[in-house]
Amino acid sequence: MKETRQAAGGPLQGVRVVEFAGLGPAPFACMLLSDMGADVVTVDRPGQRLAGPRHIAGRGRRVVQADLKEAIQREQVVSLVQSADVLVEGFRPGVMERLGLGPEVFQDTHPGLVYARMTGWGQDGPLSQRAGHDINYIGLSGALHAIGPRGGAPVPPLNLVGDYGGGSLYLVVGVLAALLERQRSGVGQVVDAAITDGTLSLMTQFFAASARGQFTEARGNNLLDGGAPFYGVYETADARHVCVGPIEPPFFALLVEGLGLDDGFKDAQNDRARWPAMRSAMEAAFRQRTRDEWTTRFEHTDACVTPVLSLSEAQAHPHQRARQAVIDIDGVRQPAPAPRFSRTASRVQGAAPTEATAMAAVLAAWGASVSAGGHTA
């Protein structure tokens, strides 16, 4: 299948990114940069089979293949980086240096390069060389311990909190901040994006609540972890679920009215002694109707009651359809670019390719060539 690329849109038009192929958070970060208009080229190993359109996080860029241990091919990659604004890599600390592609290689020849490093543990520290995955990073950051039912074990929240929340999004923030600062200084820098750092940062609200004495480390006892009966998930008559979150008293009053509960609960929202009775009453009420019946009952109110949808149901929801939040690229349904811009609209530059692009073609398109020292001519 021949690669098809659309003209770039978005606020990052003109920004060139070289991504060294990896897993998880780095490819997703580069997808976001591509959606916002950056020209992303991924360097992968020779002979690597490309996943094609179903590799959604690989959308919107070209892939070149190079043996980084072979001198001439490594020089081509160096030349490619010399023409880029950003380099993104997700290897263990020291790997890029051993390949002859560490930040120091570009300090003199390309001082404006933003060199972004995505790892779980960071570039230093006693765990920096250890293997790990999302669950390990959020386990060491206090996030996993806080998620789960009262009296039960912690529940992994997919790999959203670590890999993508604390990892990809902080990498993108770091890259954009470094590019912005470069406009003033003319000099790039290394961005050390560690998932553990990002996850700890995401826990800021709970650090603050703990400092105020408003957060207990026992799961299922806090406002936002399912401890409060007005912030949680309830089973309905058809064994499906709705979620409720009316934190503000006026919204909570609408929930009490909509469920047909005793009006006395309206003044007991923050009375923890009455939470068990409140929860029992809410559980019994929600079991009287199906999920969709409750959705209809509350959909025009501010009671903050919504259905818990599966992935396929979420795609078909009228709100997502109205905003065209899910799109089709080469027959694969996937999230549309986010966030949205009023003037420089983002767009998907194409599905993830099924075939690699010749290195020479990308070098020519970027105006790069290889001299004896690997410097851009």
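Relative contact order for the range 14-133: what percent, with Cα pairs under 8 Å and sequence separation of 6 or more? Let's see the in-between values first.
Values: 176 pairs, mean separation 31.7, N = 120.
RCO, the range 14-133: 26 percent.
To the nearest 10 square angstrom, what accessible area does E355 show with a 1.4 Å probe?
100 Å²
For the range 145-203, compute the orientation-averaged projected area of the C-alpha convex hull (one quarter of its surface), in nm². Numbers along the way, then the final one.
Working: hull surface 17.2 nm².
It is 4.3 nm².
Just to be sure I understand: if I project the alpha-carbon convex hull of the range 38-179 onto a plane and average over all orientations, what area do I get in nm²?
Working: hull surface 42.6 nm².
Mean projected area for the range 38-179: 10.7 nm², to one decimal.
Modelling each spin label as a point 7 Å along the Cα-to-Cβ direction, I'd like the Q13/S185 distance in nm, to one decimal.
Reported label-point gap for Q13 and S185 is 2.9 nm.
How high is the FRET efficiency from A284 to I135, r the C-beta distance, R0 41 Å, rounded to 0.05?
Working: r = 36 Å, r/R0 = 0.87.
With R0 = 41 Å, the Cβ-Cβ based efficiency is 0.70.
What order do L169, L87, L254 take when sorted by accessible area (1.4 Å probe), most exposed first?
L169, L254, L87
Taking θ = phi - 60°, what integer Hz values does the Karplus form 6.51 cos²θ - 1.76 cosθ + 1.60 yield along the range 254-259, in sequence order, with x for Gly and Pro?
Residue by residue, the range 254-259 yields 5, 5, 4, 5, x, 7 Hz.
For the range 1-116, go through all pairs of different Cα atoms, get the mean of 1/r, take its inverse, and jot down that Kirkwood value in Å.
On the way: mean 1/r = 0.0684 Å⁻¹.
It works out to 14.6 Å.
Tell me the per residue accessible area of the range 221-377 using a 1.4 Å probe; a whole number in Å² is fine.
On the way: 8660 Å² over 157 residues.
Roughly 55 Å² per residue, with all protein chains present.
Describe numerically, in nm with one decimal, the distance between label points set 7 Å from Cα along Cα→Cβ at R321 and at R49.
Once both label points are built, they end up 3.7 nm from each other.
Roughly how many percent of the accessible protein surface of the chain is carbon and sulfur, given a 1.4 Å probe and a whole-percent answer? Kindly include the intermediate steps, with their values, before the conclusion.
Values: 10420 of 19130 Å².
That fraction is 54 percent.
Within the range 76-106, find all residues whose amide N lies under 16 Å from a label point positioned 7 Å from the Cα of D124 along Cα-to-beta-carbon.
93-94, 103-104
For the chain, find the longest principal axis of its Cα atoms and tell me its angle to the long axis of helix 25-35, 0 to 90°, nearest 10.
The helix 25-35 is inclined about 80 degrees to the chain.
With label points built 7 Å along Cα→Cβ from the Cα atoms of D271 and A360, find their separation and express it in nm.
8.1 nm
Tell me, in nm to one decimal, what length is gained between R92 and I147 on full extension, where the rule is 0.36 nm per residue of separation less the Cα-Cα distance?
On the way: separation 55, 0.36 × 55 = 19.80 nm, distance 2.83 nm.
Once the chain is fully extended between R92 and I147, it gains 17.0 nm.
Could you run the Debye sum over the Cα atoms of the range 97-198, one equal point scatterer each and no solvent, and tell me log10 of I(q)/I(0) at q = 0.23 Å⁻¹, two decimals?
Result of the Debye calculation: -1.15.
Give the accessible surface of the range 34-155 per residue, rounded to a whole number of Å², with probe radius 1.4 Å and ligands, DNA and RNA excluded.
Details: 5410 Å² over 122 residues.
On a per-residue basis, the range 34-155 sits at 44 Å².
When only C-alpha pairs under 8 Å and at least 6 residues apart count, what is the relative contact order of the chain, in percent?
Values: 693 pairs, mean separation 91.5, N = 377.
Over the chain, the number comes to 24 percent.
Between E19 and residues 5 or more places away or on another chain, which pairs have amide H atoms under 5 Å apart, with H built 1.01 Å from N, and which residues are they?
Sorted by chain and number, the residues that satisfy this are V41, T42, V43, V88.
Between helix 169-185 and the chain, what is the angle of the helix's C-alpha long axis to the longest principal axis, kept within 0 to 90° and rounded to the nearest 10?
It is inclined by approximately 50 degrees.
Mean separation of Cα pairs under 8 Å and 6+ residues apart, divided by the residue count of the range 272-377: what relative contact order is that in percent? Numbers along the way, then the final one.
Details: 46 pairs, mean separation 9.4, N = 106.
Computed over the range 272-377, the figure is 9 percent.
Let's test the formula: R0 of 41 Å, r as the Cβ-Cβ distance of D238 and Q214. What FRET efficiency results, to the nearest 0.05?
0.70
What 222 nm value per residue comes from the helices of the chain, counting each DSSP H run with n ≥ 4 as -39,500 (n - 2.57) and dividing by all residues, nearest 500 deg cm²/dmol? Before the final figure, lay out the partial values.
Values: 13 runs with 115 residues, N = 377.
After summing the helix terms and dividing by the residues of the chain, the value is -8500 deg cm²/dmol.
Return the FRET efficiency for the residue pair L99, V155: r is the Cβ-Cβ distance, R0 is 35 Å, and the value is rounded to the nearest 0.05. Before the final figure, lay out each step's value.
Values: r = 39 Å, r/R0 = 1.11.
According to the calculation, E is roughly 0.35.
The values are calculated or read from the model by the stated rules, or taken from the named source; none is laboratory data. Just so you know, these numbers come straight off a predicted model, no measurement behind them. Glycine also receives a Cβ, built like all others from the backbone with ideal geometry; neighbour counts cover every protein chain displayed. Just so you know, the surface numbers come from the protein's heavy atoms only, side chains and all, with ligands and any DNA or RNA stripped out. Shrake-Rupley method; radii C 1.70, N 1.55, O 1.52, S 1.80 Å.
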